[in-house]
Amino acid sequence: QVQLVESGGGLVQAGGSLTLSCAASGSILSVDDMGWYRQAPGRQRELVAAITSGSSSEYGDSVKGRFTISRDNAKNTVYLQMNSLKPEDSAVYYCHAAGYSSSWSDAFDIWGQGTQVTVSS
């Protein structure tokens, strides 16, 4: 069974920075896609950033130029560097990962428990 453990959320002032980390653990053959999504109260979950095992990335329009996603394939870990944070970035941030666990016929597509990011004005 594969699990995701997130860390790095917290409270920061507008204009500040935070780095989120998410590590996949368990019986893993490969982790293909990893990413971060966020959900603010009363809003739908939205893509923040995603990255493939080959390091191709995509970003939500609202974070382009401010956030950077990266990953360490050896550690099955994805990072989200968030700069120039705004109050509207406040949300619960969820890590997502998809890949294969015990065998190539055993795919997984899972979410972390979420970490709160609060940006004060």
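The values are calculated or read from the model by the stated rules, or taken from the named source; none is laboratory data. If you're wondering where the values come from, they're calculated on a predicted model, not measured in any experiment. No Cβ is skipped: glycine too gets one built from the backbone with ideal geometry, and neighbour counts run over all protein chains shown. Note: accessible area is taken over every heavy atom of the protein model, side chains too, but ligands, DNA and RNA are not part of it. Shrake-Rupley method; radii C 1.70, N 1.55, O 1.52, S 1.80 Å.
Beta carbons closer than 6 Å, at least 6 apart along the sequence or on distinct chains, pair a first residue in region 36-55 that is under 17 Å from residue 86 (Cα atoms) and open to solvent by less than 60 Å² (accessible area, probe 1.4 Å) with a second that is in a strand (DSSP E or B) and among the charged types (D, E, K, R) for 48/38.
Consider residue 54 against the criteria (1) within 24 Å of residue 30 (Cβ to Cβ); (2) at pLDDT 95 or above: it satisfies all of them except one. Which criterion is unmet? It is condition (2) that residue 54 fails.
Applying the criterion of being open to solvent by less than 10 Å² (accessible area, probe 1.4 Å), hydrophobic (A, V, I, L, M, F, W, C) and in a strand (DSSP E or B) to the residues of region 70-118, the residue that is nearest to residue 16 (Cα to Cα) is 82.
Restricting to region 59-69, what's the tally of residues that are assigned to a helix (DSSP H, G or I) and not hydroxyl-bearing (Ser, Thr, Tyr)? Qualifying residue count, region 59-69: 2. For beta carbons closer than 8 Å, sequence separation of 6+ or different chains, a first residue in region 1-28 that is open to solvent by less than 20 Å² (accessible area, probe 1.4 Å) and a second that is of a type in the set (D, E, K, R), the qualifying pairs are 20/6; 22/6.
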